[in-house]
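Inspection log for the structure reproduced underneath, given as structure tokens.
The values are calculated or read from the model by the stated rules, or taken from the named source; none is laboratory data. Nothing here was measured: the structure is a model prediction, and the numbers come from that model. Quick reminder, even Gly has a Cβ in these numbers, built from the backbone with ideal geometry, and neighbours come from all protein chains shown.
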Amino acid sequence: MHLLLRVLAGLLILLGIVWILQGLNILPGSFMTGQIQWAYRGGLMAILGGALLLFTRRRPR
């Protein structure tokens, strides 16, 4: 279960970073390119992924 949560956290962080870059018009090629709301949503997603990663590391086995 911990492994699954860690993989999910990593995916959330990576997807959040991609959304941030697309929202800031750094990574072109999508309908999200240049739309700042996607940068905000990506930031939130990356923060949630980081929180999930911390949660899985602090739980006793």
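Below are the figures for this structure:
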read-out: Some residue of segment 20-28 being modelled with pLDDT under 95, surrounded by fewer than 15 Cβ atoms within 10 Å (Cβ to Cβ) and not polar (S, T, N, Q); value: yes
read-out: Subset tally (residues that are outside any helix (DSSP H, G or I) and not hydrophobic (A, V, I, L, M, F, W, C)) for segment 1-25; value: 1
read-out: Top-ranked residue in segment 29-53 [being β-branched (Val, Ile, Thr) and part of a helix (DSSP H, G or I); ranked as surrounded by the most Cβ atoms within 10 Å (Cβ to Cβ)]; value: Ile47
read-out: Contacts under 7 angstrom Cβ, first residue in segment 20-41 being aliphatic (A, V, I, L, M), partner in a loop (DSSP other than H, G, I, E, B), 6 or more apart; value: Leu21/Leu27; Ala39/Leu24
read-out: Unmet requirement for Thr56, which otherwise passes all of (1) exposed (fewer than 13 other Cβ atoms within 10 Å of the Cβ); (2) of a type outside the set (Gly, Ala, Ser); (3) assigned to a helix (DSSP H, G or I); value: (1)
